[in-house]
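So the structure is just underneath, and the comments pick up after that.
The values are calculated or read from the model by the stated rules, or taken from the named source; none is laboratory data. Source: prediction; values computed, not measured. Please note: Cβ atoms are built from the backbone with ideal geometry, for glycine as well, and neighbour counts cover all protein chains shown. All accessible areas refer to the heavy atoms of the entire protein, side chains included, with ligands and DNA or RNA removed. Shrake-Rupley method; radii C 1.70, N 1.55, O 1.52, S 1.80 Å.
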Amino acid sequence: MSKTVAEVMSRDPILVHPQTPLKEAIQILVEKRISGLPVIDDAGKLVGIISETDLMWQETGVTPPAYIMILDSVIYLQNPGAYERDLHKALGQTVGEVMSKNPLTISPDKPLREAAKLIQDHKVHRLPVLDSAGKVIGILTRGDIVRTMAAE
């Protein structure tokens, strides 16, 4: 029997707002060892995603720290502190200035297979999971899918 997104997603993801200082978002990514955060407006609606990719692809000349990903955990091969300082100087000051807008999303009742295909086809690392009111209720990552496959 195929699982649904709701059965596999991470619930209660950490959310940030467009006005969240970039430094704070970077700190969350580093401390929680995650690679992206959904961005919501004051009404709780998804407006974007801020990810390491958004941070790295800014035309700043800042070299990201070397890291490896094991499932969804980021393991830095050097101290990311200097990178954080350089990024903060080089980029905008808020999440809203650097986030990716209109991220791909999925609803919790969709089959996991459909979510995996979306992630693969669009080459994204995560899908925010929205309820019928458009509120973020979870996040589904490549790692969630791989862990589910391993458990079956």
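When you check Glu152 against the structure, is it surrounded by fewer than 18 Cβ atoms within 10 Å (Cβ to Cβ), acidic (Asp, Glu) and touching a helix residue (DSSP H, G or I) at 6+ places or on another chain (Cβ under 9 Å), yes or no? Spelling it out, it is not the case that Glu152 is surrounded by fewer than 18 Cβ atoms within 10 Å (Cβ to Cβ), acidic (Asp, Glu) and touching a helix residue (DSSP H, G or I) at 6+ places or on another chain (Cβ under 9 Å).
Within region 41-55, the set of residues being open to solvent by 20 Å² or more (accessible area, probe 1.4 Å) and not in a helix (DSSP H, G or I) comprises Asp41, Asp42, Ala43, Lys45, Leu46, Val47. Inside region 14-38, can you point out the residues that are among the polar types (S, T, N, Q) and either assigned to a helix (DSSP H, G or I) or open to solvent by less than 10 Å² (accessible area, probe 1.4 Å) (or both)? The one that is among the polar types (S, T, N, Q) and either assigned to a helix (DSSP H, G or I) or open to solvent by less than 10 Å² (accessible area, probe 1.4 Å) (or both): Gln27. Within region 126-149, the residues that satisfy the criterion of being open to solvent by 50 Å² or more (accessible area, probe 1.4 Å) and in contact with an Asp or Glu (Cβ under 8 Å, 6 or more places away or on another chain) are Ile137, Arg142.
When region 116-152 is examined, which residues are found to be among the charged types (D, E, K, R), part of a helix (DSSP H, G or I) and more than 15 Å from Leu71 (Cβ to Cβ)?
Selection gives Lys117, Asp121.
Within region 40-49, is even one residue modelled with pLDDT under 90, more than 22 Å from Ile145 (Cβ to Cβ) and of a type in the set (D, E, K, R)? Among the residues of region 40-49, not one is modelled with pLDDT under 90, more than 22 Å from Ile145 (Cβ to Cβ) and of a type in the set (D, E, K, R), which makes the answer no. Among the residues of region 98-115, what is the count of those that are closer than 23 Å to Ile26 by Cβ, in a helix (DSSP H, G or I) and open to solvent by 50 Å² or more (accessible area, probe 1.4 Å)? Qualifying residue count for the region: 0.
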